[in-house]
Amino acid sequence: MTEIEPEAALSDPDEIAAAVHRIYQDEGRLPSERDLADRLNVKRHQLRKALEALRRSGNLQPARAKRASGAVPRYGEELVRLTNPLEVIELRLILEPQLARLASLRASPFEIARISDAATTQDHTRSGEVDLAFHMAVASAARNHLAGEFYKMLRQVGVDARVQVAYTEPASCPKRIGQRDSEHRLIAEAIARRDPEAAEAAMRGHLTAVQKRIMERANMGIAAA
């Protein structure tokens, strides 16, 4: 019986990163760090450096932070209590157009593909999750860690049921999803073209439309009171 020879040990950081990236592209995911190190015949510290380089370049998704529990942080609870949907969308209008601009300048091909994929709602997917995935992909592609973490906190507050505004039509309404996807695709196309002005304008236009719907619904609530 012929034994399978292990791969020759890699030592160059770029070679290790390239090998990891090939596995990720071919399989769509990476095995555990230990299995990947054994597979490539490299030391764990060498592998970690390669993974970090790929994440910095945008060719690999950021590692998920480990949390002790799923509880909302105390500051999040306080913000949910103090704020309202109009404040959330106002802050998104300040932040997200600039994130879209940065994404058009900094996004890797992998990140652009992820943004483009998330721009259209596929069958049998939850509309809200698709919307969040698209905006988070844009924020991640901006490559500003502080802004990215701040944006995660903002969306965590914004998706809380106590802050959301109820719409006349459900979130799964095909007309509403179609309009949103059309706006998302304009943003994605501008980012793919590396057009910062168009990306910023498209994101601002999209969020302005969201703001208008929120204000209309809020005014209806006041009139009914």
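Figures for the structure shown
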quantity: Residues of segment 97-113 satisfying the condition of being within 24 Å of residue 157 (Cβ to Cβ) and under 12 Å from the mean Cα position of the chain (by Cα); calculated: 99, 100, 103
quantity: Residue match in segment 172-187 (condition: more than 20 Å from the chain's Cα centre (by Cα), closer than 16 Å to residue 89 by Cβ, of a type in the set (Ser, Thr, Tyr) and modelled with pLDDT under 90); calculated: no
quantity: Test: residue in segment 28-49 that is at pLDDT below 85 and not in a loop (DSSP other than H, G, I, E, B); calculated: no
quantity: Among residues of segment 178-219, those that are aliphatic (A, V, I, L, M) and surrounded by fewer than 16 Cβ atoms within 10 Å (Cβ to Cβ), counted; calculated: 3
quantity: Pairs where the first residue, in segment 174-185, is assigned by TED's automatic domain parsing to the domain that holds residue 121 and the second is of a type in the set (S, T, N, Q), C-beta under 7 Å, 6+ apart; calculated: 177/121; 177/127; 181/120; 181/121; 185/120
quantity: Matching option when the condition is modelled with pLDDT under 85 and over 24 Å from residue 136 (Cβ atoms), among 6, 62; calculated: 6
quantity: Odd one out for residue 143 among (1) part of a helix (DSSP H, G or I); (2) modelled with pLDDT under 95; (3) under 25 Å from residue 58 (Cβ atoms); calculated: (1)
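The values are calculated or read from the model by the stated rules, or taken from the named source; none is laboratory data. Everything numeric in this text was worked out from a predicted model, so none of it was measured. When we count neighbours, we look across all protein chains shown, and the Cβ atoms used for this are built from the backbone with ideal geometry, even at glycine.
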